[in-house]
1. Counting just the residues of segment 545-558 that are surrounded by 17 or more Cβ atoms within 10 Å (Cβ to Cβ) and not polar (S, T, N, Q), which one comes out farthest from the ligand (Cβ to nearest atom)?
2. I510 fails exactly one of the following numbered conditions: (1) crowded, with 24+ Cβ neighbours inside 10 Å; (2) within 16 Å of the ligand (Cβ to nearest atom). What is the number of that condition?
3. In segment 480-584, which strands (runs of 3 or more DSSP E) lie fully inside it and hold 3 or more residues that are farther than 25 Å from F420 by Cβ?
4. Can you confirm whether segment 420-435 contains a residue that is out of contact with any His (no Cβ under 9 Å at 6 or more places or on another chain) and within 25 Å of L93 (Cβ to Cβ)?
5. Do the conditions hold for Y290, that is, is it aromatic (F, W, Y) and buried (at least 24 other Cβ atoms within 10 Å of the Cβ)?
6. Given the conditions (1) acidic (D, E); (2) more than 11 Å from the ligand (Cβ to nearest atom); (3) closer than 23 Å to Y262 by Cβ, which single one is not true for D515?
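The values are calculated or read from the model by the stated rules, or taken from the named source; none is laboratory data. From a predicted model like this one, the values you see are computed outputs, not experimental measurements. As a convention, Cβ positions derive from the backbone with ideal geometry for all residues, glycine included, and neighbour counts pool all protein chains shown.
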Amino acid sequence: MSEKRLSGEVFYPSEDVISKAHVKNWEKLNKEASENYEKFWEERADELHWFKKWDEVIDDSDKPFYKWYKNAKTNIVYNCLDAHNQTHRRNKLALIWEGENGEFKTMSYFALHRETCKFANVLKSLGVKKGDRVTIYMGRVPEIVMAMLACARIGAIHSVVYGGFSVESLHERIEDSQSKVLIVADGAYQRGKIVPLKAIADEALQRAATVEHVLVVKRTGEPVNMETGRDLWYHELMNLPIASQKCEVEVMDSEDPLFILYTSGTTGKPKAILHTHGGYMVGTYTSLKYVFDIHEEDRYWCAADPGWITGHSYIVYGPLLNGTTSFMYEGAPNFPYPNRWWSMIERYGINLFYTAPTAIRGLMRWGNAWVNRHDLSSLRILGSVGEPINPEAWKWYNDVVGGGKCPIMDTWWQTETGMFMITPMPSVPLKPGSGTKPFPGIEMDILDEEGTPVGPNEEGYLVIKTPWPSMIRTIYNDPDRYVEQYWSKYDGVYLTGDSARRDEDGYFWIIGRVDDVIKVSGYRLGTAEIESALVSHPAVAEAAAIGLPHDVKGNAIHTHVILRVGVVPSDELKEDLRKHIAHEVGPIAKPEKIEFVDSLPKTRSGKIMRRVLKAKALGLDPGNLSTLED
Ligand code: PRX
């Protein structure tokens, strides 16, 4: 990054890695990009296909509703599929997939294009049009990729709901988006068991009235209920003449919505983050290319789930835009044994591997022997995302998985940012636990309460000062909340919700969320979601959820529950509450600990003071209690 000697423990990139890297001189690129970020993002956009180019790169006349590539026409799917089909990549593998049960599938760019077109025609036959919302609820199977691309191809807005969510989470996302079609799998394999996705969806649909059709993808073959007139088998429709393999791509305005993705915020219901065709395309394409250093012969594996932003940007869109070969695995990392992942890296010759600290810590616990029995020499670059990676896990990942020769890209970003925001590139010196510096062309800072930048190594609010192409455009159906949540603390500056510090070398270190978001195993959950699931149980009067440090999960959920009058506390009731949360929100939201209490610390206006609960649990000073009611 610079010739200057850096402080602390630093890992310098090898000549081998630098000589291959797209970006050999990060400093130079960063200087050019920061001097003129409009030009930088214009040149990146020029690498992609547009039906019509822009009049202006950024239109900031209605801040914070920024518009990128104004009046340009494109469709992200054209660049993901059609563009490659006109080149040598036509026969290249787009996707390699392994099921948890050992099944295996590959798809060339030609095949993925054909299947996507057929799928798009099926959606059209169900009446789906440009601008309509379609909810997708599936496991990690190739059909989820095709479903997303098929929607985008015809201009429909996809809303993917993570397959680990359950009835109420699915229901509220369907309802909020007013989806008229739901695409669901009959079930998903997970750790040797079947998650009954269709049955969960049936229950959610009893609460949601907008859905006219349910398209069911057969994955497990287990019997499911099919409601006549509403439910249709995907494989049957794909064999009908309506599923022609010719489907013109819808020409979209650069700013037309591509998808919404729900994520947890500070208060209340999850919010629908909206991304668009043009800017999101340029952001994900460029960031993946530079950071994971995509080359033609590479095989890339992002082990996230397509149901989260990491999957959207870096399993589906980023890799396809770059014409790379992506690997996808359906199941659990340790099924049937803790070497499953390492065995697949070896068998498929994966070069670029991207996962989360929680997975690394989980696999680290099983010991080195499970890794060492595999030849992982194909690996060139590793990545991490979702939460801070502790130096111990970083070093294990570096030494044992990467054999000391693979730089680790610790990428900080969010559902809202769409792309990596603080990240190294392979030629950048690394410090374990730091994502290094902001992506070229993006200015970030750390501010105190008043909005003044803090000094070196001081903690403050992490903010973004320049617009970037793949930025959130709005919260779907709630533009006021978009302004309020992200742009109201400081004038003209995007508030990330994280706290961070910056060291004397300008390296950023993320500390964690400063709001009521809990990161559990890298998954983002709101205290409000967990609490409202708890109070929907007949035994519960009030509840408060907090996150406390956990060795593998990063944070674990702890809850304080006030029972209704007359309800007798018991261990059975605790178990019942845990099951209830898993049923309503999903297994990821199951609390580690449930404590029955008689009262909760509240402000005089009735807001639960979670920081007081947290301080008490950690044996820390609760800080200023002047607003405490009692
Ligand atoms: O707190 C930060 C944490 O994850 C949050 C965003 O969560 P989500 O929207 O679900 O997106 C996760 C995947 C992009 C951030 O506000 N976070 C994400 N990446 C990192 C991180 N914290 C530390 N280091 C990271 N690399």
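1. Keep residues of segment 545-558 that are surrounded by 17 or more Cβ atoms within 10 Å (Cβ to Cβ), which gives 545-547, 553-558.
Imposing the further condition that a residue be not polar (S, T, N, Q) reduces the set to 545-547, 553-554, 556-558.
Numbers: A545: 17, I546: 16, G547: 11, K553: 14, G554: 9, A556: 16, I557: 16, H558: 19 Å.
Per the criteria, the residue is H558.
2. All conditions are met except number (1).
3. Numbers: elements: 494-502, 508-513, 517-520, 523-526, 540-550, 554-563.
Correct list: 540-550, 554-563.
4. yes
5. Values: aromatic (F, W, Y): yes; buried (at least 24 other Cβ atoms within 10 Å of the Cβ): no.
The answer is no for Y290.
6. With (1) acidic (D, E); (2) more than 11 Å from the ligand (Cβ to nearest atom); (3) closer than 23 Å to Y262 by Cβ applied to D515, the lone miss is (2).
Yes or no, residue by residue, for (1) within 11 Å of the ligand (Cβ to nearest atom); (2) within 19 Å of T266 (Cα to Cα); (3) in contact with an Asp or Glu (Cβ under 6 Å, 6 or more places away or on another chain):
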| position | (1), (2), (3) |
| --- | --- |
| D503 | no, no, no |
| R524 | yes, yes, no |
| A528 | no, yes, no |
| V535 | no, yes, no |
| A539 | no, no, no |
| A543 | no, yes, yes |
| I562 | no, no, yes |
| E572 | no, no, no |
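To keep it simple, each residue is scored yes or no on (1) out of contact with any Lys or Arg (no Cβ under 8 Å at 6 or more places or on another chain); (2) at pLDDT 95 or above; (3) hydrophobic (A, V, I, L, M, F, W, C); (4) within 19 Å of F259 (Cα to Cα).
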site: N457; (1), (2), (3), (4): no, yes, no, no
site: G460; (1), (2), (3), (4): no, yes, no, no
site: S470; (1), (2), (3), (4): yes, yes, no, yes
site: V483; (1), (2), (3), (4): yes, yes, yes, no
site: Y486; (1), (2), (3), (4): yes, yes, no, no
site: Y490; (1), (2), (3), (4): yes, yes, no, no
site: V493; (1), (2), (3), (4): no, yes, yes, no
site: T496; (1), (2), (3), (4): yes, yes, no, no
